[in-house]
Amino acid sequence: MMYGRQSIKPHKETDPKINSKKQTSLVAVLVVFFVLLLTLVYTTNRIEVLEKKLSRIEIKLGGEAKLSCNEKESIEKVMNSVVRVVGGEGEGSGFAVENGKMILTNFHVIEFEPSPKVIFPDNTFETAEIILADKDTDLAVLKIETQIPPTNWGDSENLSPAEDLIAIGFPLGGELSGEASVIKGSLSGKRHLKEEDINYLQTNITFAGGESGGPMIDICGDVMGINTSGLTGMGFAISTNTIRDKWIGMENDKSSLDAIKKISFNDTESGEFAVATFYNYLKVRRLDKAFELLSDNFKRGYGFDHWKRGYESLLDTTIIKAEDDEQIENRVNIKLSTKDFVDEEIVTKYFEGFWEVRNIDGRWKLWEAEIKEIEPDYFWFYE
C-alpha cells in the first residue's frame, strides 16, 4: 500500500526591514497621539484658565456687556460734559444732564452763592440759575443757556462688588488750571443713610477739594453717582437711583430753594444799599444795571462798552463789608473780594476803600471811589 507524500510549503522568513518600518510607524502614531492628547489637555487647561480670568475681568468690569466698552473713549466723551462751578465762597464741579442745559452739582458747592458761574470745557463761562435744590441730600440743579453734551444715566443697582469706577472733577478749585482730573478706583460697597434715605457708593477713591459735584462713571461712561465726600482712601458718591428719586422730590417741593442765599437790589433806600447793589449786579454779571448806578461824575464821558471791558473776566464779586462811614456823610466804606478767570486760572483778589455817594432825584449814585487792592491778614475778614 502506497502512501502519497504530503507537500509541505517551506517557511518564509519576515524581512527585518519591513518589521522596522512597521514599528517606526507605530511609534510615530503613538507619538502623534500623545502629542495631540497633551495638546488637548493643555488647550483645555488654558481655556479653563482663560475662562476664569475672563470671568474675573467680567466681574471687575461689571459683566459681559461691558467687555466691549472702550474706557478711554468713555472718559473722553464724559469730559465734554464736566464743568467747573464757581461761587463766592466755594468751588466745585458739575456735569450736564437731561437736555444738556442743566448742570447737576452738590448743594454745598453753591450753598452761599445765589448766582454761581459755570466754566465750560472750552473755558468760556456764564452765570447759572439755581432751579432745584436739596440741602439734606446735598444736591442742586443749575440751568444754563449754553448747551453741552449731556451724560448718560446708569443704574447703580446693577453695580457689581469691586467693579471699576471712575471719578471726574476739578481738584483744588481755582488753585489748579487745566482739564478735569480722572481718578480710577473700584466699588467698595453700597451704603444707606436711613435718616435721609440716601444710597451711597463707597469707593477706594480719595477726593480732593473741588471734585465734589463731578460724575462717577463706569467704564462705559454711564453715570453711577455724583462725587460728594470722603476721607483718605475712601470716597462716597450719591447713587443715581437716589438722584432720580430726589429729583422728583425737588421738582415737587420748590420750598427747598429757600435755603439758597438771596441777593437784594435797592438803590433808593440809602447810599450803603446802592453800593451793595452795584456789587451785587457785578456778581450776577448784570453789567448794564451796574453801570446805571455810576454817576456822570464817575463815568467822565466814557460809555458802557468802554467801561465793561474791565469786567469781561470777572467771575464773582463778594461783599465782605459795606457800611456807612460814621464820621463822614455820604461815604460808604467797603471790603470785597473778586474772582477773575484769566488764562484758565481763577485769580482771587481783595480790595478795601470807600465810595462817595450822592442822592440824585431820589436815587443814590456812586459819585467817586478810592479803592485799592490789598493782601489781607486773618483779622481783616472779621474787623
Inset, instruction - Write out, first by first residue and then by second, each pair whose Cβ atoms fall under 8 Å of each other, whose residues are 6+ apart or on separate chains, and whose first residue, in the range 186-201, is over 14 Å from THR228 (Cα atoms) while the second is loosely packed, with under 14 Cβ neighbours inside 10 Å. - result: LEU187/PRO161; GLY189/PRO161
Inset, instruction - Check off (1) aliphatic (A, V, I, L, M); (2) open to solvent by 30 Å² or more (accessible area, probe 1.4 Å); (3) in contact with a Leu (Cβ under 8 Å, 6 or more places away or on another chain) for ALA274 and give me the number that stays unchecked. - result: (2)
Legend entry - Residues of the range 171-203 satisfying the condition of being open to solvent by 10 Å² or more (accessible area, probe 1.4 Å), under 24 Å from MET102 (Cβ atoms) and in a strand (DSSP E or B): SER181, VAL182, ASN199, TYR200
Legend entry - Number of the exception - GLY210 against (1) in contact with a Lys or Arg (Cβ under 9 Å, 6 or more places away or on another chain); (2) at pLDDT 90 or above; (3) of a type outside the set (Val, Ile, Thr): (2)
Inset, instruction - For the range 311-326, indicate whether the set of residues that are among the basic types (Lys, Arg) and either touching a strand residue (DSSP E or B) at 6+ places or on another chain (Cβ under 8 Å) or farther than 15 Å from LEU366 by Cβ (or both) is non-empty. - result: yes
Legend entry - Top-ranked residue of the range 152-170 - restricted to ones that are open to solvent by less than 20 Å² (accessible area, probe 1.4 Å), assigned to a loop (DSSP other than H, G, I, E, B) and of a type outside the set (A, V, I, L, M), ranked as farthest from ILE110 (Cα to Cα): GLU163
Legend entry - Flag for LYS289 being in a helix (DSSP H, G or I), in contact with a strand residue (DSSP E or B) (Cβ under 8 Å, 6 or more places away or on another chain) and either surrounded by fewer than 18 Cβ atoms within 10 Å (Cβ to Cβ) or not aliphatic (A, V, I, L, M) (or both): no
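Yes/no matrix, rows are residues, columns are (1) surrounded by fewer than 17 Cβ atoms within 10 Å (Cβ to Cβ); (2) in contact (Cβ under 8 Å) with a residue 24 or more places away in the chain; (3) under 22 Å from PRO114 (Cβ atoms); (4) within 35 Å of the chain's Cα centre (by Cα):
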residue	(1), (2), (3), (4)
LEU314	no, yes, yes, yes
THR318	no, yes, yes, yes
GLU326	yes, no, no, no
ASN330	yes, yes, no, no
GLU373	yes, yes, no, yes
Inset, instruction - Please work out if GLY185 is modelled with pLDDT of 90 or more, over 14 Å from VAL82 (Cβ atoms) and in contact with a Pro (Cβ under 9 Å, 6 or more places away or on another chain). - result: no
Inset, instruction - Scan LYS365, LYS349 and give me the residue that is without any contact (Cβ under 8 Å) to a residue 40 or more places away in the chain, touching a Ser or Thr at 6+ places or on another chain (Cβ under 8 Å) and assigned to a strand (DSSP E or B). - result: LYS349
Legend entry - Residue within the range 245-268 that is open to solvent by less than 30 Å² (accessible area, probe 1.4 Å), in a helix (DSSP H, G or I) and under 30 Å from VAL332 (Cβ atoms) present: no
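The values are calculated or read from the model by the stated rules, or taken from the named source; none is laboratory data. From a predicted model like this one, the values you see are computed outputs, not experimental measurements. Heads up, the Cβs are rebuilt from the backbone with ideal geometry, glycines too, and the neighbour counts pull from every protein chain shown. Side chains included, ligands, DNA and RNA excluded: accessible areas come from the protein's heavy atoms. Shrake-Rupley method; radii C 1.70, N 1.55, O 1.52, S 1.80 Å.
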